[in-house]
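The values are calculated or read from the model by the stated rules, or taken from the named source; none is laboratory data. Treat the numbers as computed from the prediction; the structure is a model and nothing was measured. Glycine gets a Cβ as well: all are built from the backbone with ideal geometry, and neighbour counts include every protein chain shown.
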Amino acid sequence: MSKKTVALLSATLVAVAGLGLAAATFKRGDDTILRVANQKGQVRAMMLASGALKGAPYTVEWSEFPAAQPLLEAVGGGAADLGLAADAPFIFAYQSGSPVKAIAVQAPVNQAPEALAILVKTGSPIRSTQQLVGKSIATTRGSIGHHLLLQALERANIPADKVRVTFLPPGDAKAAFDSGAIDAWATWTPYTNVAIKEGARAVVDARDYGLPLYIDIANADSIEPKRALLADFLQREAKAVAWARAHPDQFAQVLAKETGLPLDIARASFDRNNRVSQPIDDGIIAHEQAITARFRKAGLTDGKRSVPAAFDASFARVDKGQASSGI
């Protein structure tokens with residue numbers, strides 16, 4: 001991948017989408033602005049491609065981030081009302097004390113192994129989890145890549161402190177991986193797609209560990225004052241992601257433009273990470289409790305906050321739309 005493409009993937013920028021206000025069924029006290037934090041190539045790309053926000057009776061202000069950690073910092077810090085992130089970074093932020101709530105969940109449709117992986121260079125002697133002991137591995141703290149690494153070490157009965165983890169944002173991790181400064185990289189699509197195309201191979205992937213859930217996450221203080229806006233946005237999001245599944249080639253073109261990815265990588269990223277809406281139920285809560293226990297065992301969080309209290313199931317979607325690509 002070129003330096004320009006890495007920069008496009010990693011840069012944090014803000015784009016404001018001004019969507020005309022319309023007289024609607026919103027209560028008098030409702031705010032007229034919804035601030036949405038977006039990982040590049042996710043919800044905003046689908047909304048733009050599908051036109052799902054046309055006629056929305058509020059303005060959406062988008063802030064864009066290269067990974068879930070800074071996105072969740074924005075939502076938890078009150079700079080954004082809503083954002084989409086995966087299960088591990090959500091519960092990591094929540095257990096770290098962030099005032100966030102899960103208000104909707106999306107589950108993977110296909111088991112696409114390369115969507116999440118621990119990668120090494122083609123010529124690396126590392127071929128198993130056991131051979132990661134003593135090696136340097138880059139990932140983003142609390143990310144799905146970090147969680148995959150902990151899962152792999154746990155299954156191989158290897159203590160988490162037996163590997164040297166370097167926490168880097170995706171762009172910096174790719175640079176370190178390309179230069180040989182690290183031995184392995186635990187990451188996700190589209191970074192996996194790009195690296196594998198350039199000759200990397202997976203030591204561990206989602207084949208045996210599963211793909212993550214993706215969660216619409218709200219700042220707890222935004223839920224009541226912006227309930228109508230949040231509910232409306234979730235329904236539009238569901239329509240947008242259903243549109244993306246029905247029009248993958250058109251969406252891949254928008255995704256490529258939004259991220260700076262080559263078109264074939266954008267399409268592969270989409271194909272390997274399709275999702276559908278999932279009710280918030282006991283299974284979802286148990287899933288997050290298991291992730292909490294894994295982070296706690298690794299000494300990364302005390303895990304004392306109630307996991308069921310992290311969820312607000314009152315935003316049940318009327319339109320069970322299907323979801324698409326995520327970074």
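Among the residues that make up the range 186-199, is at least one of them in contact with a Lys or Arg (Cβ under 6 Å, 6 or more places away or on another chain) and surrounded by fewer than 24 Cβ atoms within 10 Å (Cβ to Cβ)?
Of the range 186-199, the ones in contact with a Lys or Arg (Cβ under 6 Å, 6 or more places away or on another chain) are 189.
With the extra rule that they be surrounded by fewer than 24 Cβ atoms within 10 Å (Cβ to Cβ), the set shrinks to none.
So far as the range 186-199 goes, no, none of its residues is in contact with a Lys or Arg (Cβ under 6 Å, 6 or more places away or on another chain) and surrounded by fewer than 24 Cβ atoms within 10 Å (Cβ to Cβ).
Listed residues 84, 119, 53; which is outside the structural domain of residue 220 (by TED's automatic domain parsing) and either part of a loop (DSSP other than H, G, I, E, B) or touching a strand residue (DSSP E or B) at 6+ places or on another chain (Cβ under 6 Å) (or both)?
Working: 84 fails: outside the structural domain of residue 220 (by TED's automatic domain parsing); 53 fails: outside the structural domain of residue 220 (by TED's automatic domain parsing).
Matching residue, one of 84, 119, 53: 119.
How many residues does the range 214-231 hold that are part of a helix (DSSP H, G or I), under 21 Å from the mean Cα position of the chain (by Cα) and of a type outside the set (Gly, Ala, Ser)? Spell out how you get there, then give the answer.
Residues of the range 214-231 that are part of a helix (DSSP H, G or I), as a first pass: 220-222, 227-231.
From what is left, the residues that are under 21 Å from the mean Cα position of the chain (by Cα) are 220, 222, 230-231.
Okay, now just the ones that are also of a type outside the set (Gly, Ala, Ser), so 230.
The total comes to 1.
Find the residue count for the range 147-173, including only residues that are touching a Ser or Thr at 6+ places or on another chain (Cβ under 8 Å) and in contact (Cβ under 8 Å) with a residue 60 or more places away in the chain.
Result for the range 147-173: 4.
What single numbered condition from (1) buried (at least 22 other Cβ atoms within 10 Å of the Cβ); (2) part of a strand (DSSP E or B) fails to hold for residue 202?
In the conditions (1) buried (at least 22 other Cβ atoms within 10 Å of the Cβ); (2) part of a strand (DSSP E or B), residue 202 misses (1) alone.
Being touching a residue at least 40 places away in the same chain (Cβ under 8 Å) and farther than 19 Å from residue 96 by Cα is the filter here, so list the residues in the range 132-146 that pass it.
Our first condition is that a residue be touching a residue at least 40 places away in the same chain (Cβ under 8 Å); within the range 132-146, this holds for 132, 135-146.
Within the range 132-146, 132, 135, 136, 137, 138 qualify.
Collect the residues in the range 172-187 that are within 15 Å of residue 123 (Cβ to Cβ) and part of a helix (DSSP H, G or I), keeping them in residue-number order.
Of everything in the range 172-187, those that are within 15 Å of residue 123 (Cβ to Cβ) and part of a helix (DSSP H, G or I) turn out to be 177, 178, 179.
What number goes with the only condition from (1) over 30 Å from residue 150 (Cβ atoms); (2) of a type outside the set (Phe, Trp, Tyr); (3) at pLDDT 95 or above that residue 79 does not pass?
(1)
Take the conditions out of contact with any Cys (no Cβ under 7 Å at 6 or more places or on another chain), without any contact (Cβ under 8 Å) to a residue 60 or more places away in the chain and farther than 19 Å from residue 112 by Cα and apply them to residue 179. Does it pass? Steps first, please.
Numbers: out of contact with any Cys (no Cβ under 7 Å at 6 or more places or on another chain): yes; without any contact (Cβ under 8 Å) to a residue 60 or more places away in the chain: yes; farther than 19 Å from residue 112 by Cα: yes.
So residue 179 fits the description; yes.
For the range 240-315, which fully contained helices (runs of 4 or more DSSP H) count at least 1 residues that are of a type in the set (Phe, Trp, Tyr) and closer than 22 Å to residue 207 by Cβ?
Here the list reads 263-271.
Residue 104: outside any helix (DSSP H, G or I), crowded, with 24+ Cβ neighbours inside 10 Å, in the same structural domain as residue 249 (by TED's automatic domain parsing) and in contact with a Leu (Cβ under 7 Å, 6 or more places away or on another chain), yes or no? Before the answer, list the steps.
On the way: outside any helix (DSSP H, G or I): yes; crowded, with 24+ Cβ neighbours inside 10 Å: yes; in the same structural domain as residue 249 (by TED's automatic domain parsing): yes; in contact with a Leu (Cβ under 7 Å, 6 or more places away or on another chain): yes.
Criteria met by residue 104.
How many of the residues in the range 56-77 are under 20 Å from residue 232 (Cα atoms) and outside any strand (DSSP E or B)? Explain how you work it out, then say what you get.
Kept after step one, since they are under 20 Å from residue 232 (Cα atoms), are these residues of the range 56-77: 56-63, 75.
When the remaining residues are screened for being outside any strand (DSSP E or B), the result is 56-58, 75.
Residues in the range 56-77 being under 20 Å from residue 232 (Cα atoms) and outside any strand (DSSP E or B): 4 in total.
For residue 210, only one of the following conditions fails: (1) surrounded by fewer than 16 Cβ atoms within 10 Å (Cβ to Cβ); (2) part of a helix (DSSP H, G or I). What is its number?
(2)
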